[in-house]
Amino acid sequence: MTTPEPQERGLAAAGLSLRRGARMVLEDVDLRLLPGERLAVVGPNGAGKSSLLRTLSGELRPTAGAVSLDGRPLGALDPRELARRRAVLPQDLELSLPLRVDAVVALGLLPHAGRLSAAAERAAVGAALRAVGAEALAGRDATTLSGGERQRVHLARCLAQLSPGPEAGARYLLLDEPTSALDLRHQAEVLAQARALSRAGTGVLAVLHDLNMAAAWADRVAVLDGGRLRALGAPAAVLCPSLLSCVWGCAIESLPRADGGPPLLISPVLRAPAA
Amino acid sequence: MSGLAVGEGARALPTTGPGRGAVGLGLLGAGAALAAGAGLCFGALPITAGELWQIAAAGPTTAPVGLETAATVVWSLRLPRVLLGLAVGAALAGAGATLQGVFRNPLADPGVVGASAGAALGAALVIVLPRAPVALAPAAAVLLDLIGVPGAAFAGAAAAGLLALRLGRRGGQTRVSELLLVGVALNALCGAGLGLLMAISDEVALRDLSFWMLGALGGATWPVVGLTLPVVTIGLALTLPLAPSLDALALGEGPAAHLGVRVERVKAVGLSLSAALVGVAVAAAGMIGFVGLAAPHLVRLLLGPSHRLGLPGSALLGAGLLVAADTLARLALAPVELPVGVLTTLLGAPLFFGLLLRDRRAGGAT
């Protein structure tokens, strides 16, 4: 495989539009997830965040525009080759068979079938479960897990999917609200895990609801509004109260932090009630 | 954060190593062989295991002294019947396991989703309609029976399966209620078609048709076995490579595609193979219900939910179950022979009710 030109690297959306029924869910979105980068996608409900992720992953075919991986259109890639290089954690996690947790994580190795020994597969499954702190769940029936346990187990499946290497080209991980069902400790641990992956060269895109979390975790933040990309850049530049208040349609304030970190963004819920 | 779920009563499941799977499949195979042996020995003319051994050793062309009648019974009646039972049972159970994977639903039995009825209607069309024009060439009629009937049964099963897959889904998911409703409609439609054909058919065709309504292995002859057994063997062998993809499909169609599974192709191949298996099974033995539901269900209990063991295990168990059921059906009301389809439905229907109740208690999410 030839190394892609520097300007072609990454998982890139060019002029991406998606129509579902009569509604334009995405309109003319340009976005490039670079190897080793952490990109947070934020936006109000219905802004098209999940649709963007599902189009970037190849699950939905764009109405206009194209998605490419290191310069090659997604459609030109063999599905298994694509699966070895990009994993997806969807928002809705379902399972129609009572598979054991370790068997669910082992499904992540499906695109590598025939390339790993049984021992290497077991090791990869164990490492992935440890990475999300779920090794104690390995023998459980995966259909009996709580929401948070399920989210971590499926993240482990994604980690297993990207773990075998080395192979030419960078790897990409797409996470749709990976912390929505997690308590505070597990939120921090999952995002730390995603950070470690990005430091090892994987490009990580995460749809996040918590703006402070996005500011603290991401290298760049993309703000989606009504299917359009309203802003894209460093958290400090993008997450300014005026833009956010305009996009979310409510007053969002920022509060400086004593430790000099990025200012906290305060939702209207937290404001003291008017006297 | 280790030990998180221990306090929550982490339910330890039995470990499923590769060794355990091989042992389980071996046991199911041994059970099928045992059922076949019993099917050869039991009947109106009882034959002991020792006599059976002598008859087998003498070969199909000669008979041991004193066992001439028994040898004829074994070679021309019981052996083709047992082999057909093994093939039909394996085909129905293998098709059931495959369909359940494709539909992502443990209730998707070939009979429930209407595939068996579709196959029966296809087969009946060939039996009844062209008989008059083809009457001029007896050789053509024989060929039509042997190839045309299973071919039409395959087409009927495929059409019904496709309809069930299309109509029983909403938003990429197959729901029990919708699947069952489509099955009810397809079964009613095909039943009406069969009734119409019976009304316009002559007496010979009518006798042939009533055989389809009940499902029985009494029509087992060597030519039928010769066609059915190879098709079933090849069809089942072709389903095995689908197992990892069907496991991944349990995550949903989107996530399976993210793992590199060509979802549409897997569904098309799985449905076609199931239709072929149901088609030859129905063409040879009529509508035999609930084998395709019971065998995969029992195998999931014995060997776990993965299709890697589930597909071959279901085929082996289905083969053994149907031969055992047929032997029981021959003996139960002797000298009257109970059609085996009646017996499998009597035993299988309560299991189906049980699964439905369990599904409802679980919230009916499937």
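The values are calculated or read from the model by the stated rules, or taken from the named source; none is laboratory data. Small disclaimer: the values here were computed from a predicted structure and weren't measured. Virtual Cβ from ideal backbone geometry, glycine too; neighbours counted across all protein chains shown. Ligands, DNA and RNA are excluded from the accessible area calculation, which covers all protein heavy atoms including side chains. Shrake-Rupley method; radii C 1.70, N 1.55, O 1.52, S 1.80 Å.
Here are the numbers:
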quantity: Occluded residues from the stretch A:48-87, i.e. those whose accessible area drops by 40 Å² or more once the chain is not alone (1.4 Å probe); calculated: A:Glu59, A:Pro79
quantity: Solvent exposure of the stretch B:234-334 as accessible area per residue, Å², 1.4 Å probe; calculated: 30 Å²
quantity: Surface accessible to a 1.4 Å probe, per residue, for the residues of the stretch B:70-119, Å²; calculated: 15 Å²
quantity: Interface residues, the stretch B:230-254 - accessible area loss of 30 Å² or more versus chain alone, probe 1.4 Å; calculated: B:Asp247, B:Ala250, B:Leu251
quantity: Accessible area in the full protein assembly, largest first, 1.4 Å probe, for B:Met198, B:Met213; calculated: B:Met213, B:Met198
quantity: Listed residues A:Leu197, A:Leu31, A:Leu60, most fluctuating in chain A (Gaussian network, C-alpha, under 10 Å); calculated: A:Leu60
quantity: Model label zone, A:Ala168; criterion: amide N under 19 Å from point 7 Å along Cα-to-beta-carbon; scope the stretch A:6-43; calculated: A:6-12, A:35
quantity: Estimated 222 nm signal from helices in the protein assembly as shown, with DSSP H stretches of n ≥ 4 weighted -39500 (n - 2.57), rounded to 500; calculated: -17000 deg cm²/dmol
quantity: Efficiency of FRET between B:Arg358 and B:Leu181 - r from beta-carbon atoms, R0 22 angstrom, step 0.05; calculated: 0.65
quantity: Per residue value of the accessible surface for the stretch A:151-224 (all protein chains in place, 1.4 Å probe), Å²; calculated: 32 Å²
quantity: Accessible surface buried once A binds B (1.4 Å probe; total of both sides; Å²); calculated: 2900 Å²
quantity: Considering only the protein assembly as shown, percent of DSSP beta bridges that pair antiparallel, nearest 5; calculated: 60 percent
quantity: Length released on extending from B:Leu167 to B:Ala56, taking residue separation times 0.36 nm less the Cα-Cα span; calculated: 34.9 nm
quantity: Accessible surface of chain A, 1.4 Å probe, proportion on carbon and sulfur as whole %; calculated: 54 percent
quantity: Within the stretch A:31-52: backbone nitrogen closer than 16 Å to the A:Ala14 label point (7 Å, Cα to C-beta); calculated: A:31-34
quantity: Convex hull projection area averaged over all views, chain A, Cα basis, nm²; calculated: 17.0 nm²
quantity: GNM result for chain A, Cα springs below 10 Å: residue of A:Leu174, A:Leu52, A:Leu182 fluctuating most strongly; calculated: A:Leu182
quantity: In nm, spacing of pseudo-spin labels at A:Leu255 and A:Arg72 (7 Å Cα→C-beta vector); calculated: 5.0 nm
quantity: Within the accessible area of chain B (1.4 Å probe), percent carbon and sulfur; calculated: 72 percent
quantity: Residues losing 20 Å² or more accessible surface upon assembly, the stretch B:257-286, compared with the chain by itself, 1.4 Å; calculated: B:His258, B:Leu259, B:Gly260, B:Arg262
quantity: Gained length - B:Leu302 relative to B:Leu333, 0.36 nm times residue gap less alpha-carbon distance; calculated: 8.0 nm
quantity: Ratio of Rg to Rh over the stretch B:77-360 (Cα coordinates, Kirkwood Rh, two decimals); calculated: 0.97
quantity: GNM top mover of B:Ala155, B:Ala256, B:Ala32 - chain B, alpha-carbon springs below 10 Å; calculated: B:Ala256
quantity: Cα→Cβ-extended label distance, 7 Å offset, between A:Ala237 and B:Leu189, nm; calculated: 6.0 nm
